[in-house]
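K.L.:
What follows is a single structure, and I will ask about it in a moment.
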Amino acid sequence: MRIDVLTLFPEMFASPLGHGIIRRAQEQGLVEIVLTNIRDFAIGEYRKVDDKPYGGGPGMVMMPGPVFDCFEHVQSLCPQPGRVILLTPQGAPFKQAKATELSAQDRLILIAGRYEGFDERIRIGLGAEQISIGDYVLNGGELAAMVVIDAVVRLLPGALGDEDSAKDDSFSNGLLEYPHYTRPETYRGMKVPDILLSGDHGKIAQWRRDQSLERTRQHRPDLLDDRASLR
Ligand code: SAM
């Protein structure tokens, strides 16, 4: 998979992409992540990428010119078609099902906004889909792009040491995952549930299913409604 990120702050990505599973996935050649600075495509002495909104109002808006030119440059480097995604709080909420869908693509092109957001013609002209990582407003789309990259890359075949660990993760079957315990058996008076020490894999699997359902019921009953509506 190739992931292009168009951003005004490529340097923000260095550390998050340089560790753990994401770093290993790049080293293994499972994903190539290419960062391109939108400001490199701004013209004029001040390399302006934003301007005042038509109609007045606060803040500045990202101009279409530098974003289109940046996009066309990136396409000229790699003509392979891809999913074009604008990170915006106005997009569809990013969920595990979307991460799974995107992990099956050969190419993603993520565009991170700043200021008051994008001139609307960027969305229209690039035929971009919009993704939000939650109902809150960030200062820029970089963190949102990193969230999408992180969630997608761990689903690429071979990215995780143990392929099964993504299968049991929260949301992958519509529920929250069951609780985990590791050594020691007793810590500050809190004991690991006996069933996990029993060696009975059938009973452990049943306990985990029950726990998964119970904590979903307690913490995220909306997920059970979503599941029911899919049936
Ligand atoms: N004025 C915009 C609005 O109210 O819809 C918010 C602009 S925000 C300050 C600047 C940029 O941060 C956006 O263009 C977007 O790229 C990014 N951003 C902010 N919140 C986001 C979220 N919840 N999900 C994805 N991107 C977000």
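K.L.:
Tell me whether the stretch 128-141 contains one or more residues that are in a strand (DSSP E or B), surrounded by 18 or more Cβ atoms within 10 Å (Cβ to Cβ), near the ligand (Cβ under 6 Å from one of its atoms) and of a type outside the set (Val, Ile, Thr).
P.N.:
Yes: the stretch 128-141 contains one or more residues that are in a strand (DSSP E or B), surrounded by 18 or more Cβ atoms within 10 Å (Cβ to Cβ), near the ligand (Cβ under 6 Å from one of its atoms) and of a type outside the set (Val, Ile, Thr).
K.L.:
Moving to a separate point now. Working only within the stretch 206-223, note down all residues that are surrounded by 13 or more Cβ atoms within 10 Å (Cβ to Cβ) and either in contact (Cβ under 8 Å) with a residue 24 or more places away in the chain or of a type in the set (Asp, Glu) (or both).
P.N.:
Scanning the stretch 206-223 gives 207, 208, 209, 211, 212, 213, 214, 215, 216, 220, 223.
K.L.:
When the stretch 184-205 is examined, which residues are found to be of a type in the set (Val, Ile, Thr) and assigned to a strand (DSSP E or B)?
P.N.:
Across the stretch 184-205, the qualifying residue is only 186.
K.L.:
Condition test on residue 156, is it of a type outside the set (Val, Ile, Thr), in a loop (DSSP other than H, G, I, E, B) and closer than 25 Å to residue 131 by Cα?
P.N.:
Yes: the conditions hold for residue 156.
K.L.:
Would you tally the residues in the stretch 18-56 being more than 22 Å from residue 75 (Cα to Cα) and touching a residue at least 40 places away in the same chain (Cβ under 8 Å)?
P.N.:
7
K.L.:
Got a sec? Which of 65, 29 is more than 22 Å from residue 155 (Cα to Cα) and modelled with pLDDT of 95 or more?
P.N.:
Among 65, 29, only 65 is more than 22 Å from residue 155 (Cα to Cα) and modelled with pLDDT of 95 or more.
K.L.:
Is at least one residue of the stretch 149-161 surrounded by fewer than 16 Cβ atoms within 10 Å (Cβ to Cβ) and within 16 Å of the ligand (Cβ to nearest atom)?
P.N.:
Yes, some residue in the stretch 149-161 is surrounded by fewer than 16 Cβ atoms within 10 Å (Cβ to Cβ) and within 16 Å of the ligand (Cβ to nearest atom).
K.L.:
Name, by its number, the condition in (1) assigned by TED's automatic domain parsing to the domain that holds residue 48; (2) small (Gly, Ala, Ser); (3) at pLDDT 95 or above that does not hold for residue 158.
P.N.:
Tallying (1) assigned by TED's automatic domain parsing to the domain that holds residue 48; (2) small (Gly, Ala, Ser); (3) at pLDDT 95 or above, residue 158 fails exactly one: (1).
K.L.:
Something else about it: Residue 40: of a type in the set (D, E, K, R) and under 26 Å from the mean Cα position of the chain (by Cα), yes or no?
P.N.:
Yes; evaluated as a whole, the condition is true for this residue.
The values are calculated or read from the model by the stated rules, or taken from the named source; none is laboratory data. Remember, it's a predicted structure, so these values are computed and weren't measured experimentally. Neighbour counts are summed over all protein chains in view; Cβ atoms, including those assigned to glycine, are modelled from backbone coordinates with ideal geometry.
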